Structures are given as C-alpha cells and as structure tokens.
1. Out of everything in region A:78-88 that is at pLDDT below 95 and closer than 23 Å to B:E58 by Cα, what residue ends up being nearest to the other protein chains (Cβ to nearest Cβ)?
2. Which residue is surrounded by the most Cβ atoms within 10 Å (Cβ to Cβ), if the candidates are limited to region B:1-25 and must be modelled with pLDDT of 65 or more and not in a loop (DSSP other than H, G, I, E, B)?
3. Taking region B:130-143 only, how many residues are open to solvent by 50 Å² or more (accessible area, probe 1.4 Å) and among the small types (G, A, S)?
4. Residue check, A:L28 against (1) within 11 Å of another protein chain (Cβ to nearest Cβ); (2) closer than 22 Å to B:E58 by Cβ; (3) modelled with pLDDT of 95 or more, all met but one. Which one?
5. Being closer than 16 Å to A:L159 by Cβ and at the interface with chain B (Cβ under 8 Å from one of its Cβ atoms) narrows it down to one residue among A:V114, A:V91, A:V75, A:V64; which is it?
6. Just to be sure, is A:L99 within 30 Å of B:V112 (Cβ to Cβ) and in contact (Cβ under 8 Å) with a residue 24 or more places away in the chain?
7. Given the criteria modelled with pLDDT of 80 or more, within 18 Å of B:L107 (Cβ to Cβ) and either surrounded by 13 or more Cβ atoms within 10 Å (Cβ to Cβ) or of a type in the set (S, T, N, Q) (or both), does B:R162 qualify?
2 protein chains.
Amino acid sequence: LRRVEDDEGDELLAKVAVPVVRLRYGELTEWTSIAVLPVCSSTGDKESITMAPTSTFEGKFGIVESESGWKRWVVLPGWDPLLSIGNGVAVEFENAKMLPWKTKKWLREEEVMVIIDREKKEVKEEVQFYLVSDMEDKLKVERGKDVKDSDLVMGPVVLVVRPPRYGDDDQVELTDWEAS
Amino acid sequence: LRRVEDDEGDELLAKVAVPVVRLRYGELTEWTSIAVLPVCSSTGDKESITMAPTSTFEGKFGIVESESGWKRWVVLPGWDPLLSIGNGVAVEFENAKMLPWKTKKWLREEEVMVIIDREKKEVKEEVQFYLVSDMEDKLKVERGKDVKDSDLVMGPVVLVVRPPRYGDDDQVELTDWEAS
C-alpha cells in the first residue's frame, strides 16, 4: 500500500487505523497479484452482504471459483489487506458521508468502496472500524468501541477504496491517507 | 499480443489463423487493461456455454456487472481479441487434443482455454476456427470450412490461451504461436 510521506512522518502513520487508498487508472499493471471480490450495494438488501459468495483462485489459469453464482464483481490490485482477507466483500457507497472520521468535503461527496472481512464478526476494541447496519437498516462505518456487543455488525473494515481521479499525480495520492 | 519472430518471419505470421497465447505468471502486471470472462467447462453441460452471462465494466471502480449470477470467472490481460469481443466466454479443456492443427505432443497434453464470441454464430469460410459440439455432444474446435451450415456451432474462436509454465523465458514464448 502507498504510505503516508509528509512532515508528520511516523506519527501520522501510527494514527492510521484503517487504510484508505485511491485506485489509479491502469493501476492493476503495477501489481503482481489481484484480488477479486463480490460487490454489494449499500442501498440494496443487507442480506446480500451475508449472501455474497466466497471464492478462491483455482488451477493454472487462476480461475475464480465461487461458492455460488454472483452478478457483480470487482478486480482490485493485490493490496496487502486484501491478500490476507478471510471472506471479503466489497460494499459500494454512493458517497463517503458515513465514514466516521473527519475529512475534506469533496472527499465526503465521492463514491467509495468499503471492503470488509465477514469471517471476523467478533468486535474487538483494538480493531479499527466496523461496517454496521443501524436501527433504520442503513449501513455505516463505526469505531470498534462504539459497536461492542452489537448484533448489527457486518464485519471489520479492512480497506476503504476511493475511485480513480483524472489528473491525479503521485503527490496527491501520497497524501491521501487519512488518520482516525 | 506476442508476435511470431523466427526465421520464417512474415510468412508464418500470415498463416496464423487464430492467436494462441501462453499466459505468464504475473502477466496482468504488464497490461493496462483486463478482460473478465465467465468460464465454462468443456465436460459440463453444453447449455452453460449459451447460458453464461454477458458482462460490462461499470462506474468508476470498473465493477463487472453481469446479466445474471455466475460462479466461475477468469481475469485475463486485455489482449486485443478480448477487447473487441462482443459476447465472450472461456471454455476450459483438460487437454488440447481437440485443436485441429498439428502441434507438439506435450502441447496437446496441456489444459487449454478456448475463448469464443457468442455474438457471431454465423459461419464464414474466411473466418478461422469455430467451437462446435459434435454428434456425441462433445466440444471441439473445427475449421470454418468444415462446419458451414452446422447447427452445432457455439461461436468463432477468438483466442486460445495456454497455461503459464514455470521456467518460461521470453524466447520460448515468442515461438509459441501456431500456424494453421
């Protein structure tokens, strides 16, 4: 993953509780591995997040073999958090307003993809952020300490992916991590 | 696509009727685009080749949006024939014995993936090779001139993909095209 490299250095890195990464056009070309995840919409049926299938890469062609049929998939670079994920699913949000940390206004307006690991539903305070369904059945991201013992936890957030932007250069991306 | 570069030069190129390409480990890293295709098995239900869904890349994250749910997918480099394909499907064969051209013995023993375009079922003599189902309901690849007016045509072969091999170097791959 891209690292924060600014004046704050290590301190900023230490504050990062969940990686937020911006996809770049053609970025797959820089990675030796890929991750393929089923996609759910945050505005759709919440059940679908539980129902979305697990898959593995099989055989010499690396065919994605999925437990069950699924319509929507995303191919992402083999970022570290994705390679060690147990049972991942990508949840697509129309904007980033449900992220519980402060950020720039334009970043809050952008669509975002929240990748969770469904294998680890148990909430641990030291663990970062969780995707939860609130009383109104709306999905949002919450800090672990705020959702302890909740039944509505979908899983820990392992990665937040922002869409590519035209005209991005490395400098912009290098500062695009967010601290919690 | 990799080109034939040997003593025969242009003559050999002119004889190539369908591209045969060997996938390399980590090859996706060399391409700026990818292709995602549903996979069918040659030993499975022939119907599945017709049933496998069409899909498109949608939105800023390039999400694969498929007509219907499907269990098996393959992610391939954005080779030219795949980018211009109308309605592609990858058919997986346990070996390459059904390919109607002469080749080395060990190449005939290898598994192979035949990519067809289901959009162009009409047989044209000048067009290369077709995937057809024979009287015994077995799939094979035939020359266009041999399957004219057949009902059993699944579609023209746009690409034959061989699996990656350990220890491959560029020289081996550059000579791995086959002439019809």
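1. My answer is A:G78.
2. Step by step, filter region B:1-25, then rank; the result is B:V20.
3. Start the filter on region B:130-143 by keeping residues that are open to solvent by 50 Å² or more (accessible area, probe 1.4 Å), which leaves B:135-138, B:140, B:143.
Narrowing the set further to residues that are among the small types (G, A, S) leaves none.
Within region B:130-143, residues that are open to solvent by 50 Å² or more (accessible area, probe 1.4 Å) and among the small types (G, A, S) number 0.
4. (3)
5. On the way: A:V114 fails: at the interface with chain B (Cβ under 8 Å from one of its Cβ atoms); A:V91 fails: at the interface with chain B (Cβ under 8 Å from one of its Cβ atoms); A:V64 fails: closer than 16 Å to A:L159 by Cβ.
Every option except A:V75 fails the conditions.
6. On the way: within 30 Å of B:V112 (Cβ to Cβ): no; in contact (Cβ under 8 Å) with a residue 24 or more places away in the chain: yes.
No: the conditions fail for A:L99.
7. Working: modelled with pLDDT of 80 or more: yes; within 18 Å of B:L107 (Cβ to Cβ): yes; either surrounded by 13 or more Cβ atoms within 10 Å (Cβ to Cβ) or of a type in the set (S, T, N, Q) (or both): yes.
Against the criterion (modelled with pLDDT of 80 or more, within 18 Å of B:L107 (Cβ to Cβ) and either surrounded by 13 or more Cβ atoms within 10 Å (Cβ to Cβ) or of a type in the set (S, T, N, Q) (or both)), B:R162 qualifies.
The values are calculated or read from the model by the stated rules, or taken from the named source; none is laboratory data. Because the structure is predicted, anything quoted here is derived from the model rather than measured. In this analysis, Cβ positions are derived from the backbone assuming ideal geometry, glycine residues included, and neighbour counts consider all displayed protein chains. Surface accessibility is based on the protein's heavy atoms, side chains included, excluding ligands, DNA and RNA. Shrake-Rupley method; radii C 1.70, N 1.55, O 1.52, S 1.80 Å.
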